[in-house]
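Take a look at the structure below.
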Amino acid sequence: MTFGEQPAYLRVAGDLRKKIVDGSLPPHTRLPSQARIREEYGVSDTVALEARKVLMAEGLVEGRSGSGTYVRERPVPRKIARTGYRAVNGGSTPFRQEQAADGARGTWESRSEQVEAGAKIAERLGIHPGDRVMCTKYVFRDAGEAMMLSTSWEPLALTGRTPVMLPEEGPLGGCGVVERMAAIDVVVDNVAEEVGARPGLAEELTALGGVPGHVVLVVQRTYYASGRPVETADVVVPADRYRIAYHLPVK
């Protein structure tokens with residue numbers, strides 16, 4: 001087999017990937033052994049091993065202790081709707097509103113604590129490193145399955161000693177940022193989101209039920225009031241199970 005300029009291990013991985021995608025190697029099928037790959041493609045053991053590592057890193061195959069490497073069942077991605085700001089009706093949270101159209105049964109767990117802002121969060125909030133912020137970590141679930149993580153930061157110089165200092169407690173606990181800020185006479189007029197992808201951190205993949213090497217989508221979101229950042233958050237979603245769908249009104 002002629003491999004041209006592309007590294008041999010990528011060509012081997014590409015051919016095996018194609019077989020997985022087109023069903024020639026269906027889910028739960030054992031991946032050809034290293035010896036079989038070496039023989040079939042005329043490559044060295046090192047190339048065969050690196051090709052298997054590529055497929056493992058892409059989440060297409062998984063190792064089973066004492067059994068070998070098998071093709072993973074590929075989930076059908078579901079949508080996570082992002083529709084911009086909507087007023088809360090009847091006490092429903094923004095998360096529940098956004099998922100309702102897709103029939104998701106959303107629940108969540110949260111934990112808040114006061115921390116010092118690191119350099120990156122301080123920059124995003126327009127405050128000084130070391131300033132106190134309220135950090136709230138969420139695990140969102142659909143029918144019991146962890147589907148999304150979120151960590152938000154709010155400057156305590158703004159919300160401290162107010163009824164909305166704790167996002168999930170008090171009279172507006174569980175409401176969106178817009179409603180909570182309005183309660184302390186802060187008018188949110190803009191929200192910015194940036195979407196990127198990266199390998200999931202170990203603690204993220206543990207919470208989301210992924211395996212090492214899986215990619216996650218990260219939405220970096222910041223709410224503003226007259227140009228001042230009032231809340232920033234990182235939303236983490238497993239890329240193999242979910243797609244982020246935006247439906248934004250045209251003004």
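The values are calculated or read from the model by the stated rules, or taken from the named source; none is laboratory data. The structure displayed is predicted, hence computed values, not measured ones. Backbone-built Cβ (ideal geometry, glycine too); neighbour counts: all protein chains shown. Ligands, DNA and RNA are stripped out before the accessible areas are found, and what is left, the full protein with its side chains, is counted by its heavy atoms. Shrake-Rupley method; radii C 1.70, N 1.55, O 1.52, S 1.80 Å.
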Within region 158-172, can one find any residue that is more than 23 Å from ALA117 (Cβ to Cβ) and modelled with pLDDT of 95 or more?
no
Is it true that some residue in region 181-190 is part of a strand (DSSP E or B) and loosely packed, with under 14 Cβ neighbours inside 10 Å?
yes
Residues satisfying the stated conditions in region 115-158, i.e. touching a Pro at 6+ places or on another chain (Cβ under 6 Å) and closer than 30 Å to PRO75 by Cα:
THR136
State all residues of region 146-174 that are assigned to a loop (DSSP other than H, G, I, E, B) and either among the aliphatic types (A, V, I, L, M) or surrounded by 17 or more Cβ atoms within 10 Å (Cβ to Cβ) (or both); if no residue qualifies, say none.
VAL164, MET165, LEU166, PRO167, LEU172, GLY174
Please state which of the following conditions ARG221 fails to meet, knowing it meets all the rest: (1) of a type in the set (Lys, Arg); (2) out of contact with any strand residue (DSSP E or B) (no Cβ under 9 Å at 6 or more places or on another chain); (3) surrounded by 13 or more Cβ atoms within 10 Å (Cβ to Cβ).
(2)
Please work out which one of (1) over 18 Å from ARG74 (Cα atoms); (2) open to solvent by 60 Å² or more (accessible area, probe 1.4 Å) is the condition GLY209 fails and give its number.
(1)
Scanning for something open to solvent by 30 Å² or more (accessible area, probe 1.4 Å) and under 23 Å from the mean Cα position of the chain (by Cα), does region 227-239 turn up at least one residue?
yes
One residue is enough: does region 124-134 have a residue meeting the conditions open to solvent by 20 Å² or more (accessible area, probe 1.4 Å) and part of a strand (DSSP E or B)?
yes
List every residue pair whose Cβ atoms sit under 7 Å apart, with the two residues 6 or more apart in sequence or on different chains, where the first one lies in region 108-119 and is closer than 16 Å to THR159 by Cβ and the second, anywhere, is open to solvent by less than 90 Å² (accessible area, probe 1.4 Å) and among the polar types (S, T, N, Q).
SER110/THR136; SER112/THR136
I need every pair where a residue in region 224-251 that is over 22 Å from PRO212 (Cα atoms) has its Cβ under 7 Å from the Cβ of a residue that is modelled with pLDDT under 90 and exposed (fewer than 13 other Cβ atoms within 10 Å of the Cβ), sequence separation at least 6 or different chains.
LEU248/GLY84; PRO249/GLY84
Taking VAL177 as the residue in question, decide whether it is buried (at least 19 other Cβ atoms within 10 Å of the Cβ) and out of contact with any Lys or Arg (no Cβ under 7 Å at 6 or more places or on another chain).
yes
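Check LYS79, LYS53 and return the single one that is outside any loop (DSSP other than H, G, I, E, B), closer than 18 Å to VAL219 by Cα, at pLDDT below 95 and open to solvent by 60 Å² or more (accessible area, probe 1.4 Å).
Details: LYS53 fails: closer than 18 Å to VAL219 by Cα.
Only one candidate qualifies: LYS79.
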Report, by residue number, each residue of region 120-141 that is more than 24 Å from GLU169 (Cβ to Cβ), touching a Gly at 6+ places or on another chain (Cβ under 8 Å) and touching a residue at least 12 places away in the same chain (Cβ under 8 Å).
PRO129
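Just to be sure before I move on: is PRO27 outside any strand (DSSP E or B), modelled with pLDDT under 95 and touching a strand residue (DSSP E or B) at 6+ places or on another chain (Cβ under 6 Å) in the structure I sent?
On the way: outside any strand (DSSP E or B): yes; modelled with pLDDT under 95: yes; touching a strand residue (DSSP E or B) at 6+ places or on another chain (Cβ under 6 Å): yes.
So PRO27 fits the description; yes.
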